Amino acid sequence: MNQIRKNKSVLELLKKHGDKLTTVREINHWIYFKSFDDLCDYKDILSKKGFIIQNIDKNKDPNETHPFSLCISRDDRADLKSINKVTLELSRLAEEYNGNYDGWETPIIED
């Protein structure tokens, strides 16, 4: 699965820079939507799951198919099992709302 490969890649980069991945930390996620209404419906569901809305924006490029962006965050673990569970759920739910889950990032935490 493509998202799992992406997760492994980010985790390898974190480890390379000294992160042991054992500390719960803020993880930011980006999702893009075709319509503002879809973004709002998605946002409302994730707010109930403990995610914090960091940013909502609109790309002004008329050729952009998913111009509405949402950045959310939540404190989670960054180990492979934990991050796969979160990102696969966010991705699946985004598809239900005509969205594309784009990925995640987190600061490096050296334990």
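What follows draws every value from the coordinates through simple rules; no lab data is involved. These figures come from a predicted structure and were not determined experimentally. Here the Cβ positions follow ideal geometry from the backbone for every residue, glycine too, while neighbour counts run over all protein chains shown.
List of remarks:
- When the square roots of the Cα gyration tensor eigenvalues are ordered a ≥ b ≥ c, the ratio a/c for the chain is 1.5 or more and a/b exceeds b/c, which makes its shape prolate.
- CD proxy at 222 nm, helix term only [per DSSP H run n ≥ 4: -39500 (n - 2.57); per residue of the chain; nearest 500]: -13000 deg cm²/dmol
- Per-residue Cβ neighbour rank within 10 angstrom, fewest leading, 81, 34: 81, 34
- Nonlocal amide H pairs with residue 102, under 5 Å, H built at 1.01 Å: 30, 31, 32
- Backbone HN-Hα couplings from phi across region 52-68 [Karplus 6.51/-1.76/1.60, Hz, Gly and Pro as x]: 9, 7, 8, 6, 10, 8, 10, 6, 7, 5, x, 8, 6, 7, 10, x, 9
- Separation in nanometres of the label points that stand 7 Å from Cα toward Cβ, at residue 60 and residue 36: 1.6
- Too-long pairs where the Cα-Cα distance tops 29 Å, listed order kept, from 8/43; 8/60; 60/85; 8/49; 43/81; 43/85: 8/60; 60/85
- When 36, 51 are arranged by Cβ crowding within 10 Å, least crowded first, meaning fewest neighbours, the order is 36, 51.
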